[in-house]
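**Q** Quick one: structure below, then a few questions.
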Amino acid sequence: MVGKEKVKLKIIGRKDDYWLYTLRSWFEEVKDIIENEYNIELDIIEEYRETQEHPIIVDEKNEIVIAGVPGEPGHLIEELKLYLDKRIKRDDERSL
């Protein structure tokens, strides 16, 4: 049996920042939805940078996945799905 692919993301923002907390909370709310739909395991960590004005989410390559905080958790789902669709397509093309 093949295990689920792990997708590692990192939220970068200021420690104790309201927007970082909001983004992290929303991520926890939508995590199961995304994991079930894409059959993956999402892992998110936080990195604190006091110079970071608005929080961002980056992937393992430090490419920006989401810049800032979406208007609502539903928008976060859509942005994560856009990223994962591109990532899966890119991975599929490499395996050809």
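**Q** How much mean residue ellipticity at 222 nm does the chain get from its helices, if each DSSP H run of length 4 or more adds -39500 (n - 2.57) and you divide by all residues, to the nearest 500 deg cm²/dmol?
**A** -15500 deg cm²/dmol
**Q** Same structure again: Can you work out ³J(HN,Hα) from phi for every residue in the range 7-22, in order, using Karplus 6.51 cos²θ - 1.76 cosθ + 1.60 and θ = phi - 60°, giving whole Hz and x for Gly and Pro?
**A** 10, 9, 10, 9, 8, 10, x, 7, 4, 6, 7, 4, 6, 5, 4, 4
**Q** Which GluC sites (Glu not before Pro) does the chain hold that lie in a coil by DSSP with at most 15 other beta carbons within 10 Å?
**A** Glu50, Glu53, Glu60, Glu63
**Q** Karplus couplings for the range 76-81 from phi (6.51 cos²θ - 1.76 cosθ + 1.60, θ = phi - 60°), rounded to Hz, Gly and Pro as x?
**A** Those phi angles translate into 4, 4, 4, 5, 5, 5 Hz.
**Q** Additional query: With viscosity set to 0.890 mPa s at 25 °C, what whole-number translational diffusion coefficient in µm²/s follows for the chain from Stokes-Einstein and a Kirkwood radius over Cα pairs?
**A** Calculated translational D: 176 µm²/s.
**Q** Share of antiparallel DSSP beta bridges in the chain, in percent to the nearest 5?
**A** 40
**Q** Note the full-extension length gain between Tyr21 and Glu46 as 0.36 nm times their separation in residues minus their Cα-Cα distance, in nm to one decimal.
**A** The Tyr21-Glu46 span can extend by a further 8.0 nm.
**Q** How much net charge surrounds Tyr48 when only other residues with a Cβ under 14 Å from its Cβ are counted (Lys, Arg +1; Asp, Glu -1)?
**A** -1
**Q** Name the residues whose placed amide hydrogens come within less than 5 Å of the amide hydrogen of Gly68, ignoring near sequence neighbours (fewer than 5 apart) on the same chain.
**A** Those lying under 5 Å, H to H, from Gly68 are Ile56, Ile57.
**Q** In addition: Need one number: nm distance between label points at Glu37 and Arg14, each 7 Å from Cα along Cα→Cβ, rounded to one decimal.
**A** It works out to 3.2 nm between the two label points.
**Q** Another question about this same structure. Quick one: how many lysine pairs does the chain have with C-alpha atoms less than 19 Å apart and a gap of 8 or more or different chains? Give me the count, please.
**A** 24
**Q** Step through the residues of the range 55-63 one at a time and calculate ³J(HN,Hα) from phi using the Karplus curve (6.51 cos²θ - 1.76 cosθ + 1.60, θ = phi - 60°), rounding each to whole Hz and writing x for Gly and Pro.
**A** Each residue's phi maps through the Karplus curve to give x, 9, 10, 10, 9, 4, 8, 6, 7 Hz.
Every number here is computed from the coordinates shown, using simple stated rules; none is lab data. Bear in mind that the values here come from a model prediction, so they are computed numbers and not experimental data. Please note: Cβ atoms are built from the backbone with ideal geometry, for glycine as well, and neighbour counts cover all protein chains shown.
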